[in-house]
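Asker: Here you go, one structure.
The values are calculated or read from the model by the stated rules, or taken from the named source; none is laboratory data. Just so you know, these numbers come straight off a predicted model, no measurement behind them. Backbone-built Cβ (ideal geometry, glycine too); neighbour counts: all protein chains shown.
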Ligand code: ADP
Ligand code: MG
């Protein structure tokens, strides 16, 4: 494998290069580029409809989203044409904005299958999965009976998001894309989720995170190494955490003028 080396991202884990994406014939992403190096948290901030979830779905390989130009690289390898399981196998993880309810499938069984796929093993013993679950539910401050429940069925907003973090912990990804993991959470749930992300980072210091968010709130608990502002399918500004502070003061309109 020969890692491709972008000019400003010599060792990026995740590299998005001039990505153009269409949905049902309409171009939503119009040339997005960014790179997440190992161990860094990059926040991607944008108003509703700016294309944040489109980017997240495209990164995971949802076939409803067509890449018309550009590339996605993981560990320097072009994964643009790979299927979702192939991308997951290369260490890419997506936490959903709206996790789906799957009645009849317990959290335990879901995780067992997902972990087996990630590790490339046919079958993982229930015991092995249970041991890891006991450790992680404890670290994430969750009741371990939680894992007997059906996936996301009747979960509160906070439980759904914590469950996404639990999945992230067990899947042992190299790059995680978290789509509005903070949305719909009250202050306490937000702190718990941010703490959960930090717990996973402690175990995996090389983990790169693309944290997609609408608000600055979660960044008070989780300091990003870089902030990117997405507007109308384009990144109109990239910088440090001061960008998020400016956004808080001036709103997205200030950046709209910048982009115009
Ligand atoms: P955000 O997550 O930033 O709120 P989205 O990526 O969800 O933005 O949406 C960006 C634009 O793409 C919106 O105009 C939305 O209607 C459109 N879009 C996204 N996904 C689909 C889809 N599956 N089918 C049709 N339009 C879509
Ligand atoms: Mg969204």
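Asker: Just a yes or no: is a residue in segment 174-188 surrounded by fewer than 22 Cβ atoms within 10 Å (Cβ to Cβ), away from ligand 2 (no atom under 16 Å from the Cβ), under 17 Å from residue 211 (Cβ atoms) and in contact (Cβ under 8 Å) with a residue 60 or more places away in the chain?
Answerer: Among the residues of segment 174-188, at least one is surrounded by fewer than 22 Cβ atoms within 10 Å (Cβ to Cβ), away from ligand 2 (no atom under 16 Å from the Cβ), under 17 Å from residue 211 (Cβ atoms) and in contact (Cβ under 8 Å) with a residue 60 or more places away in the chain, which makes the answer yes.
Asker: Right, here's the next one. Out of (1) outside the structural domain of residue 190 (by TED's automatic domain parsing); (2) touching a helix residue (DSSP H, G or I) at 6+ places or on another chain (Cβ under 9 Å); (3) within 25 Å of residue 190 (Cβ to Cβ), what's the single condition that is false for residue 95?
Answerer: Single failed check for residue 95: (1).
Asker: Considering segment 107-117 alone, what residues qualify as being in contact (Cβ under 8 Å) with a residue 12 or more places away in the chain and either closer than 15 Å to residue 166 by Cα or under 15 Å from the mean Cα position of the chain (by Cα) (or both)?
Answerer: Answer for segment 107-117, where residues must be in contact (Cβ under 8 Å) with a residue 12 or more places away in the chain and either closer than 15 Å to residue 166 by Cα or under 15 Å from the mean Cα position of the chain (by Cα) (or both): 107, 108, 110, 111, 112, 114, 115.
Asker: Limited to segment 56-71, what total is found for residues that are touching a strand residue (DSSP E or B) at 6+ places or on another chain (Cβ under 6 Å) and either within 14 Å of ligand 2 (Cβ to nearest atom) or under 17 Å from residue 92 (Cα atoms) (or both)?
Answerer: Qualifying residue count for the region: 6.
Asker: If only one of 91, 95, 104 is crowded, with 16+ Cβ neighbours inside 10 Å, on the phi > 0 side of the Ramachandran plot and touching a residue at least 24 places away in the same chain (Cβ under 8 Å), which one is it?
Answerer: From the options 91, 95, 104, the qualifying one is 91.
Asker: Something else: Quick check on this structure: which one of 206, 128 is away from ligand 2 (no atom under 16 Å from the Cβ), out of contact with any helix residue (DSSP H, G or I) (no Cβ under 8 Å at 6 or more places or on another chain), over 26 Å from residue 247 (Cα atoms) and outside the structural domain of residue 50 (by TED's automatic domain parsing)?
Answerer: 128
Asker: Tell me which residues, restricted to segment 28-45, are over 15 Å from the mean Cα position of the chain (by Cα) and within 16 Å of ligand 2 (Cβ to nearest atom).
Answerer: Correct list: 28, 29, 32.
Asker: For segment 243-260, which residues satisfy the criterion of being on the phi < 0 side of the Ramachandran plot, without any contact (Cβ under 8 Å) to a residue 12 or more places away in the chain and assigned to a helix (DSSP H, G or I)?
Answerer: Within segment 243-260, 246, 249, 250, 253, 254, 257 meet the criteria.
Asker: Any residue at all in segment 143-154 that is under 18 Å from residue 95 (Cα atoms) and without any contact (Cβ under 8 Å) to a residue 40 or more places away in the chain?
Answerer: no
Asker: If I filter segment 37-84 down to residues being more than 17 Å from residue 23 (Cα to Cα), in contact (Cβ under 8 Å) with a residue 60 or more places away in the chain and not in a strand (DSSP E or B), which single residue comes out as nearest to ligand 1 (Cβ to nearest atom)?
Answerer: 46
Asker: Now, a different point. So for segment 227-234 (the condition being under 16 Å from the mean Cα position of the chain (by Cα), away from ligand 2 (no atom under 16 Å from the Cβ), modelled with pLDDT of 95 or more and over 30 Å from residue 129 (Cα atoms)), does at least one residue qualify?
Answerer: yes
Asker: Go through segment 200-221 and give me each residue that's out of contact with any strand residue (DSSP E or B) (no Cβ under 6 Å at 6 or more places or on another chain) and within 13 Å of residue 39 (Cα to Cα).
Answerer: 200, 201, 202, 203, 204, 205, 206, 207
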